[in-house]
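For reference, the structure discussed in these notes is given below.
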Amino acid sequence: MGATWKSATLFDLVALQRGFDITKAQQVEGPFPVVSSSGITSYHAACKTDGPGVVIGRKGTLGTVFYISEPHWPHDTTLWVTDFKGNLPRFAYYFLKTLRLEQFDVGAANPSLNRNHIHGLPIRIPDTKAQRRITDVLSAYDDLIENNTKRINILEEMARSLYREWFVELRFPGHEKAKFVETAIGRVPKGWELGALGDVVTLQRGFDLPERDRCPGIIPIVSSSGVTGTHDTAKVDAPGIVTGRYGTLGEVYTTLFVKDFKGSNPYWLLYLLRSLNFSRQNVAGAVPGVNRNFLHMMRIVIPHPIVQKQFGVESDPILEQVQLLSRKTKLLSQQRDLLLPRLISGEIELPT
């Protein structure tokens, strides 16, 4: 026998309430997540509701939906579910993600979501048994994605720790026998050099590519916020390093990319760039941005090429695992996102 679906309104699925105002100054470090319209932004010593819960972006990042398993503090910039009306919390989370709530913006200058405008939305809700089957399928994908994400974070921390140990704490292979010399910035191993970032890399502004000009393909488009799409043509060959140049402006002209490695090891250069404080090079006024000419002048210590190469050998298998897990995670996300609306709408009915 198939699932029973009933016509209802959103208020029959969940009751929503505006979150609670709290400033950074009022917060006391603690175990409870503070959830804003962009997700968990900090942790506080008190909570406003037990988990599990669902929180929706009300201001700022409108319509975002978050599932929070533990007690938490829904911020004033959100709506949170006060009553699941007998429905499964995680099913409600998945259901809300399909509604494209950002389209119900009622703000003037600033985006805003009003609970009274969405409580009456007509929807169809399956019985709780079907809700559980749907949730089990979708949460299996999310659990795998979360596990991969944790593994990626661990691997990336391993690579960062290796970089710090070798090039910050100077405990690279053979450091016990290395001779050190005094420089303007302290003692460095003999054979290493003081120089500028421009001595080891040439950065260049990225290329404009509005969405209207993109063609279907497998080439990743990299903006200041990461991979934001694909295209049929590449501008540079791999391996490559891209760093943000401006805030995310909606078009792909927000990056600097490595045009020339100048003989530097790409793995060492990757973690060098990640360790530099680019925020000090902000030259864009109200819009965060960096100028490559300023970056090229940043003073750095340049390790001996042999040590750079050794670091590449040690970090290569770590980053290969990161890339493999990232590809698997992207595929899982795509599969889940294809299933999500079809399961929630009843287009695909799972066996009992």
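What follows draws every value from the coordinates through simple rules; no lab data is involved. Only a predicted model underlies this, so the values are computations on that prediction, with no experimental measurement involved. All Cβ positions, even for glycine, are placed from backbone atoms using ideal geometry, and neighbour counts span all protein chains on display.
Quick notes on this one:
- Proximal aspartates and glutamates to residue 6, defined as alpha-carbon separation beneath 13 angstrom and excluding residues fewer than eight positions away on the same chain: 127
- Each Lys or Arg adds one and each Asp or Glu takes one away; over the other residues whose Cβ falls under 13 Å from the Cβ of residue 139, this sums to +1.
- Pairwise label distance in nanometres, residue 104 with residue 182, each label 7 Å out on the Cα-Cβ vector: 7.0 nm
- Global form of region 1-81, assessed from the alpha-carbon gyration tensor, a/c cut-off 1.5: prolate
- Sequence ranges 51-62, 318-329, ranked by mean other-Cβ count within 10 angstrom, highest first: 51-62, 318-329
- Charged-residue dipole, Cβ positions (Lys, Arg, Asp, Glu), region 167-210 about Cα centre, Debye nearest 20: 220 debye
- At full extension, residue 88 and residue 3 could sit 29.1 nm farther apart than now, given 0.36 nm per residue minus the alpha carbon distance.
- With 18 Å as the limit on Cα-Cα distance, the pairs of 150/330; 262/309; 179/262; 97/129; 59/150 that go past it are 179/262; 97/129; 59/150.
- Within straight-line cross-link reach of residue 48, aspartates and glutamates at Cα separation under 18 Å, skipping those fewer than 8 residues along the same chain: 21, 29, 70, 76, 83
- Centroid-to-centroid separation of region 94-130 and region 66-88 [C-alpha atoms, Å]: 14 Å
- Distance (nanometres) between label positions extended 7 Å along Cα→Cβ at residue 313 and residue 26: 5.8 nm
- Listed by chain and number, the aspartates and glutamates placed with their C-alpha closer than 17 angstrom to that of residue 190 are 169, 176, 182; residues fewer than eight positions away on the same chain are left out.
- Look at 37, 264, 161 and count the other Cβ atoms within 10 Å of each Cβ; fewest to most, that gives 161, 264, 37.
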